[in-house]
Amino acid sequence: MAGKKVLIVDDDVKTVELVKLYLKRDGYKVLTAYDGVEALRLAREGHPDLIVLDLMLPDIDGLEVCRTLRGESDVSIIMLTARTTDEDKLAGLELGADDYVTKPFSPRELAARVRAVLRRLPGERGPAEIKRGELTVDFVKHKAFLAGKALKLSPTEFKLLGILAREPGRAFSRAQLIDEALGYDFVGFDRTVDVHILNLRRKLEPDPNHPEYIKTVYGVGYSFLGSE
C-alpha cells in the first residue's frame, strides 16, 4: 500500500506533524489541512485514497466535511474525535466514516487503522497466492510451501511471511511488523519480532545463517528478497 495518498485534517499543528511522520514512515504520500474549507479543497483537487479527519475544525466542522464528501465521493475516512460518547462516535459512522479514533490516541494505532481501512479497498487485498523462487505462499489455504513441501508455520510466522512476501524489497521496521502481524494493541518488545523471524528462518531458509529470503536491514528491520 506504499504510495497511497492520505489527507490529514486537524487544526492542531503538532497532531498533524506527528501523524504525518508516522504515515510517511509507512510510505504514504501525505497532504495536510488545518480547517474544513482547506480539507474540502484538497480532497477535491488532491484525490486522496484516505482522509484522517478531526471532528472539531474551524469554519466547517468535521461532520459537515464528512457529509459533503460523502455526497461527492467514496473516499475512505477515519474520524478523529475527542468526544467519547457512543452517540458522537455513531454520528460520524452514520455519515459514512469508515472508522474512528478517540483522542488522545497513539499515532502507531492510527497508522495501523489507516492500513486496515486501505486493505478493505477493492484490489487492495493482494493476490491469493505469491510465488518467489521455490517458495509459494497460499493465502486461501493459509499455508506456505517450499519446493512443494508444506512448511509448519505458526499463525504469527505465516502472517510475517505474508507481509514481507507481498512487498519484496521493502524494508519493514519491527514496529510496522508488530502492527501488521500482532495488532496495534500488542503489548511487548520489538525484539519479539526478532524471535519470530529467527524461527521462521529455521523453517524457511536452506541455511538460516545465510538467509536467501528474509534479509536483515540493519538499523531498520527486515525485507523479503526472494526472486520472482
Assuming Gly27 fulfils every condition listed in (1) more than 14 Å from the chain's Cα centre (by Cα); (2) surrounded by fewer than 18 Cβ atoms within 10 Å (Cβ to Cβ) apart from one, which condition is it?
(1)
Restricting attention to the range 130-156, which residues are of a type in the set (S, T, N, Q) and in contact (Cβ under 8 Å) with a residue 60 or more places away in the chain?
none
Going through the range 135-180 one residue at a time, which ones are crowded, with 20+ Cβ neighbours inside 10 Å and of a type in the set (Val, Ile, Thr)?
Val137, Ile178
The listed residue being of a type in the set (Phe, Trp, Tyr) and farther than 22 Å from Glu180 by Cβ, out of Tyr34, Tyr100:
Tyr34
Kindly indicate the residue of the range 63-72 that is closer than 12 Å to Leu93 by Cα and either over 25 Å from the mean Cα position of the chain (by Cα) or modelled with pLDDT of 90 or more (or both) and also surrounded by the most Cβ atoms within 10 Å (Cβ to Cβ) among those meeting that condition.
Cys66
Condition (residue is touching a Gly at 6+ places or on another chain (Cβ under 7 Å) and either over 22 Å from Ala112 (Cα atoms) or in the same structural domain as Leu164 (by TED's automatic domain parsing) (or both)) applied to the range 18-33: is it met by at least one residue?
no
Under the condition of being out of contact with any strand residue (DSSP E or B) (no Cβ under 6 Å at 6 or more places or on another chain) and surrounded by 15 or more Cβ atoms within 10 Å (Cβ to Cβ), which residue from the range 89-102 is modelled with the lowest pLDDT?
Ala91
Go through the range 1-119 and tell me which helices (runs of 4 or more DSSP H), entirely inside it, have 2 or more residues that are of a type in the set (Gly, Ala, Ser) and in contact (Cβ under 8 Å) with a residue 12 or more places away in the chain.
36-46, 86-94, 107-119
State yes or no: is Val13 surrounded by fewer than 19 Cβ atoms within 10 Å (Cβ to Cβ), assigned by TED's automatic domain parsing to the domain that holds Asp99 and in contact with a Phe, Trp or Tyr (Cβ under 8 Å, 6 or more places away or on another chain)?
yes
Requiring at least 1 residues that are in the same structural domain as Leu110 (by TED's automatic domain parsing) and either of a type outside the set (Gly, Ala, Ser) or modelled with pLDDT of 90 or more (or both), the helices (runs of 4 or more DSSP H) wholly within the range 142-209 are none
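The values are calculated or read from the model by the stated rules, or taken from the named source; none is laboratory data. Note that the coordinates shown come from a computational prediction; the quantities given were computed from them, not determined experimentally. We place every Cβ from the backbone using ideal geometry, glycine too, and count neighbours over all the protein chains shown.
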